[in-house]
Every structure is written in structure tokens, then in C-alpha cells.
């Protein structure tokens, strides 16, 4: 990401009052320089470590050799991956992800497991999925945390992730969903709104804006591919965009708190901390956030399928072409066990295959069914 440099503006008065020299030696000067200091970044690396640890735990629970007939990288033992037909991202089975806290709308609505809206953010479908998201988190998160600190960026990340989960749950109700992509898109949205609300403080404004918009559009465009939850991306981006106006607002250049101005001196600094347009954006964004999250939660808990109210919205997550289909219906198979011979028939394409298994577990049958369909 390109973070434009801050303009260095000259004072409005070329001939300052005699007391200005004294004021320069006061805490006012420290107030002005404090904004240019960088925060120590520890939260973003902690998020990366937490995601990696969760993936390791998930793979340990998955234990492919015990629950599946075929595994990739068998030398890793219980940390080996599911077959590429079942999971091309080099990761665990869908049943393991579901067990670990993946977003499953039916469980959120029917079993009141609302915590899945948050836990799914810390899970990943495979090594490739994990690496892509953690690389983005390091590049975007560290820069933002340096500028705004761990509290604001941490809240931006988590709330955006929740926003992505909510929109995903409203539109994708037949499959489970995992990943930190919604939270990452929230950071991108926050960068865009931060540039807008602090517009007067930056140099190369138009170039920075166009660059950021192109990056966002490209990333959202990737979401129209099958098996990518673009609704989580869109929900996270919109949440982060609005949160940026609330959390990432900067005082305008030249403002200092009056408590730092020595008595008897005449302050030449800006009297108002924020510009009017910043305050307006702050209020509007906060209202939209509260209303949006409230409506989404109510709709979700009532079991509303948003696709019934928007017949074309599914194209935002997947656009069918001659090369792929957007059929997202969960796979199911008919099974027939005779001795050690297990015969599975895929319900969607009628493919049939016989496996040699004695007393197969439900997880094994589900994994073989995924490969077959």
C-alpha cells in the first residue's frame, strides 16, 4: 500500500507574535510533533501468530490419516492435508472446520451459536488461504497500526470481520465460511475513508486515491470466482469504510489544545479540532453503522434469506461462466455398506464409486462424498 506523505504547511501568519517563541518551548510543540511519531506495532503480529496457531490446532484436530482414506503429505502424520479433490487449498476437511467454529448459518440461527460470527475469522481453509490473508494483514495492518495505534486498528479489524460475517450469513446459507478476508477488507475500507476524511493533510491526493481504489476493485473482482465468499469481503469493506470515518479521524493541522497554551500568550493555532465535514462524516457513519448492524442481526436471528429480497445479489459473489459453475448447494451422497465394501452415489451428478473400508466413520464418508461430487 502507498501511504502518501503529509503536507508540511506554513503558518498562516508570517510574523508571529513575540510570545510565539515562548510557546514553541512549551508542551504545544510536543503536541504538534506527537502526531508524527509512529506507534509500536505488536497487535498485528499477534493477530498473525493467533491465526497460524489456530490453523495448527485445526490440522491437529483434523488428523487426516485417522479420518480419511487418502491424504496429502502423509509424512506429516496427523498434520497431513485432505486430498486435493476435497480441499485444493492444502487444509482440513469441512467437517473439522465446522467443529472448530466455522460460520454455519443453521447453527447460528437454530442453535443460537452466535459466537461463530467471530470464531470463523480466525480459521482458514488451507495453507494457501492462510498465507494469502496473513501477507495482506502484515502489509496493511502494520502500516495502519503505526499511524493510529493498536486500540483503533484492533477494533476496526474485529468489527469489520463481524460485519463481513453478518453479510455472508444473510446471503450464503448453504455452506460454511471461514477466513480473515472480511476483516482485511475492513482495513482496506478504513484506509480509503481515512484518506477522504483527512483529505487536506495529504500530498498527491488524487494519485493516492486512484491507487487505493484500483487495489480495492481488483480484490473485490477476485471475489466473483467460485468458492470465494465475496459477501464477507463486501460486508467487511463497507464496515471498515464507515468505521474509518469514526476511528481514523485526525485533528486538522495547527490545532493545539488550549490547556497547553501558556497564560498570557496569544494562540495563533486553529481554534477547532476538526473540520465541519469531518464531524458530519463522523455522525453519518456512526448512525449507519448502528442501524446497519442492528438490522443485519435482527434479520439473521429471524432466519431471513436475503437472496429472496434481492434476486441478482448472488452475482456479487460468483458469476457463472463456461469454465465454472456457481452451484453452491452442499454435497450429499447415498451410501451402501456391504461387508468392507462402501458404495457411494453422489446426489448431484449421480457418480458412483466403491471403496474398501471397514466400519467407516461419518467424517470419512463425508470426505469421500466431497471428493466424489
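Readers should treat all values here as calculations from the given coordinates under stated rules, not as data from a laboratory. Just so it is clear, the structure is predicted and the values come from calculations on it, not from any experiment. Cβ atoms come from the backbone with ideal geometry, glycine included; neighbour counts cover every protein chain shown.
Below are the figures for this structure:
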{"item": "Region 168-189 residues near the modelled residue 301 label - backbone nitrogen below 19 Å, point 7 Å along Cα→Cβ", "result": "168-171"}
{"item": "Sites residue 204 and residue 228 - FRET efficiency at Förster radius 45 Å, r taken between beta-carbons, to 0.05", "result": "0.90"}
{"item": "Rounded FRET efficiency, nearest 0.05, which uses the C-beta distance separating residue 127 from residue 155 and R0 of 22 Å", "result": "0.15"}
{"item": "Length added when fully stretched, residue 40-residue 138, from 0.36 nm per residue minus Cα-Cα", "result": "33.9 nm"}
{"item": "Inter-probe distance in nm under a simple model that places probes 7 Å from Cα toward Cβ, at residue 354 and residue 310", "result": "4.9"}
{"item": "Ranked packing of 72-83, 210-221, 124-135, most packed first, by mean Cβ within 10 Å", "result": "124-135, 72-83, 210-221"}
{"item": "Residue 84-residue 283 pseudo-label distance in nm [points 7 Å out on the Cα-to-Cβ vector]", "result": "5.9"}
{"item": "Computed FRET value (nearest 0.05) for residue 112 with residue 321, which takes r as the C-beta separation and R₀ as 30 Å", "result": "0.15"}
{"item": "Descending semi-axes in Å of region 88-176, equivalent ellipsoid built from Cα gyration tensor", "result": "25, 18, 9"}
